[in-house]
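Some notes on the structure that comes next.
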Amino acid sequence: MSDAQRRTVILTGASRGIGHATVKRFSDEGWRIVTCSREEVPDDCRRDPNWTHHITVDLALPQDAHRFVEMALSVLEGAPVHALVNNAAISPKTSFKERLGCLNGDVAAWREVFELNLFAPLQLARGFAAPLARGKGSIVNITSIAGHQIHPFAGSAYSTSKAALSALTREMANEFAALGVRVNAVAPGEIETAMIGPEYEALIPRIPMGRMGTPAEVAGVVYQLCASDFGYVTGTEIFLTGGQHLL
């Protein structure tokens, strides 16, 4: 299938974890994939024939977010975009596992967190609005359970930025509907990635399903939100928490 015929997804934070699993799911479905992250794509991912373009940028820098939009639009050459997945995010940590709250977190770090976790999704949604409209596409923002309740390990800056991204999802869904573009969010709970340390085992008893989720399970929900079966769903946030958000 040619690039003109294939559906196209743009995904941020693609080099590992949920981002990498989401790329794999879209690739398995035959989509053309354009990604970015601060790191280069791992060698095993480079062999994926659908992963056509990866752009190395730091979306926490406003000029890099603008540069990514310009470079991706050049790659697309006027083709429509059918999905934008805003996955890239940061959560500052201390070297001694202390939770960074409102009193002990560096205010400059808060600004960096909000640049990547909130302003970059807004900037990319605006930058890709026209090709998304041509493709009658879908935007999926990756939020978090931490945006809805106090989390023992996620810091205040991260949690607040994810709460703001939930609100932004609603606002965007309202405005982008006029373009024929749907906007939804996925809020993962404890997902088993390389970022999860041994301390997270203590959270499992708080999960009704008694286990952590997998990146592939998150990727599956993201994909379905971009598929035609969900064509009348917008402004929704889906919790992937094994029931943890109920407690």
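The values are calculated or read from the model by the stated rules, or taken from the named source; none is laboratory data. Computed from a predicted structure; not experimentally measured. Backbone-built Cβ (ideal geometry, glycine too); neighbour counts: all protein chains shown.
Points to keep in mind about this one:
- Residue 113 farther than 23 Å from residue 180 by Cβ and in contact with a Phe, Trp or Tyr (Cβ under 7 Å, 6 or more places away or on another chain): yes
- Filter pass, residue 207 being modelled with pLDDT under 95, surrounded by fewer than 18 Cβ atoms within 10 Å (Cβ to Cβ) and not small (Gly, Ala, Ser): no
- In the set (1) in contact with a Lys or Arg (Cβ under 8 Å, 6 or more places away or on another chain); (2) among the β-branched types (Val, Ile, Thr); (3) part of a helix (DSSP H, G or I), the condition left unmet by residue 169 is number (1).
- In the range 146-166, of all residues being outside any loop (DSSP other than H, G, I, E, B) and either of a type in the set (Val, Ile, Thr) or in contact with a Cys (Cβ under 8 Å, 6 or more places away or on another chain) (or both), the one that is modelled with the highest pLDDT corresponds to 160.
- Subset of the range 101-134 (residues that are part of a loop (DSSP other than H, G, I, E, B) and either touching an Asp or Glu at 6+ places or on another chain (Cβ under 6 Å) or surrounded by fewer than 21 Cβ atoms within 10 Å (Cβ to Cβ) (or both)): 101, 102, 103, 104, 105, 106
- Matching residues in the range 204-247 - criterion: being part of a helix (DSSP H, G or I), more than 18 Å from residue 85 (Cα to Cα) and out of contact with any His (no Cβ under 8 Å at 6 or more places or on another chain): 204, 205, 206, 244, 246
- In this structure, residue 77 does satisfy being modelled with pLDDT under 95 and more than 20 Å from the chain's Cα centre (by Cα).
For (1) of a type in the set (A, V, I, L, M, F, W, C); (2) closer than 23 Å to residue 26 by Cβ; (3) surrounded by 15 or more Cβ atoms within 10 Å (Cβ to Cβ), each residue gets a yes or a no:
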| site | (1), (2), (3) |
| --- | --- |
| 180 | no, yes, no |
| 187 | yes, yes, yes |
| 190 | no, no, yes |
| 193 | no, yes, yes |
| 200 | no, no, yes |
| 231 | no, yes, no |
| 242 | no, no, yes |
| 247 | yes, no, no |
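- The range 17-57, residues that are part of a loop (DSSP other than H, G, I, E, B) and either in contact with a strand residue (DSSP E or B) (Cβ under 8 Å, 6 or more places away or on another chain) or at pLDDT 85 or above (or both): 29, 30, 31, 38, 39, 40, 41, 48, 50, 57
- The residue of the range 136-163 that is surrounded by the fewest Cβ atoms within 10 Å (Cβ to Cβ), among those that are among the aliphatic types (A, V, I, L, M) and within 18 Å of residue 238 (Cβ to Cβ), is 163.
- Criterion (of a type outside the set (A, V, I, L, M), more than 15 Å from the chain's Cα centre (by Cα), more than 26 Å from residue 129 (Cβ to Cβ) and in a helix (DSSP H, G or I)) met by exactly one of 175, 201: 201
- Checklist (1) within 28 Å of residue 72 (Cβ to Cβ); (2) part of a helix (DSSP H, G or I); (3) not acidic (Asp, Glu) applied to residue 183, failing item: (2)
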